[in-house]
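J.: One structure, as structure tokens, below. Some questions next.
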Amino acid sequence: PRAERAIPGGRDRHEPKTYNQVRDLFLRVMRLLTHNYLKSTVRGTEKGYPLTIEATTIEIEKSPVDKELLLELLHKIDYAALLSAVRQIAPLCDPPLPELPNHIDTAADLDDAVIINLHKVLFDIHIVEGQLVCPDTGRKFLVSEGIPNMILHEDEI
């Protein structure tokens, strides 16, 4: 097992303080950040990205905004796929999701409101139950207790 190691931060008792606590926090839920990196690899799939979200349960859990982390990740995000994902889950979200611009220039300075809204949709929205659907084959991948099951059946490999 990996030894516990301190993580900068941990200013209050609810904030994770060790590597394992941070890892467990990120592993227990599927965020839109996670969705942005997932793709179907079913044999014969030519266009397995982005997966369509058919969520049945969504949770919103506020977290502190980390502007530096967000800006570091932003150039790795497929923004069109993120906007599509937001539109797919919006009917289940109460309160409503924040407005996002139609396009983002990752080289430009983003105002604080956009940073906060991006942080909310990437980190604070958790898909707890539902399915992810391959746009090419229609194969459905179950999301249960916040964990997407992307394991393929033997005949799909």
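The values are calculated or read from the model by the stated rules, or taken from the named source; none is laboratory data. Because the structure is predicted, anything quoted here is derived from the model rather than measured. FYI the Cβ positions are ideal-geometry reconstructions off the backbone, even for glycines, and counts take in every protein chain you see. SASA here: full protein model, heavy atoms, side chains in, ligands and nucleic acids out. Shrake-Rupley method; radii C 1.70, N 1.55, O 1.52, S 1.80 Å.
J.: Run I151 past the list (1) crowded, with 18+ Cβ neighbours inside 10 Å; (2) assigned to a loop (DSSP other than H, G, I, E, B) and report the number of the one that doesn't hold.
T.: Among (1) crowded, with 18+ Cβ neighbours inside 10 Å; (2) assigned to a loop (DSSP other than H, G, I, E, B), I151 violates only (1).
Results for (1) β-branched (V, I, T); (2) open to solvent by 30 Å² or more (accessible area, probe 1.4 Å); (3) in a helix (DSSP H, G or I); (4) at pLDDT 90 or above, shown as yes or no for each residue.
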{"position": "T34", "(1), (2), (3), (4)": "yes, yes, yes, yes"}
{"position": "Y37", "(1), (2), (3), (4)": "no, yes, no, yes"}
{"position": "S40", "(1), (2), (3), (4)": "no, no, no, yes"}
{"position": "G48", "(1), (2), (3), (4)": "no, no, no, yes"}
{"position": "K62", "(1), (2), (3), (4)": "no, yes, no, yes"}
{"position": "L70", "(1), (2), (3), (4)": "no, no, yes, yes"}
{"position": "S84", "(1), (2), (3), (4)": "no, yes, yes, yes"}
{"position": "P101", "(1), (2), (3), (4)": "no, yes, no, yes"}
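J.: Output the qualifying pairs, or none if there are none: Cβ atoms under 9 angstrom, residues six or more apart or on different chains, first residue in the stretch 94-111 and without any contact (Cβ under 8 Å) to a residue 12 or more places away in the chain and within 20 Å of S84 (Cβ to Cβ), second residue open to solvent by less than 80 Å² (accessible area, probe 1.4 Å) and of a type outside the set (V, I, T).
T.: As it stands, the answer is P96/A90, since those pairs meet every condition given.
J.: Now for a separate question. Can you confirm whether C93 is of a type in the set (A, V, I, L, M, F, W, C) and buried (at least 19 other Cβ atoms within 10 Å of the Cβ)?
T.: Against the criterion (of a type in the set (A, V, I, L, M, F, W, C) and buried (at least 19 other Cβ atoms within 10 Å of the Cβ)), C93 does not qualify.
J.: Still on this structure, I have one more. Which of (1) over 14 Å from the mean Cα position of the chain (by Cα); (2) assigned to a helix (DSSP H, G or I) does T57 not meet, given it meets every other one?
T.: Unmet for T57, out of (1) over 14 Å from the mean Cα position of the chain (by Cα); (2) assigned to a helix (DSSP H, G or I): (2).
J.: Working carefully through the options K140, K76, find the one that is in contact (Cβ under 8 Å) with a residue 60 or more places away in the chain, open to solvent by 60 Å² or more (accessible area, probe 1.4 Å) and of a type in the set (K, R).
T.: Unique residue meeting the criteria: K140.
J.: Anything in the stretch 95-149 that is under 17 Å from the mean Cα position of the chain (by Cα) and among the polar types (S, T, N, Q)? List them, or say none.
T.: Result: N117, Q131, S144, N149.
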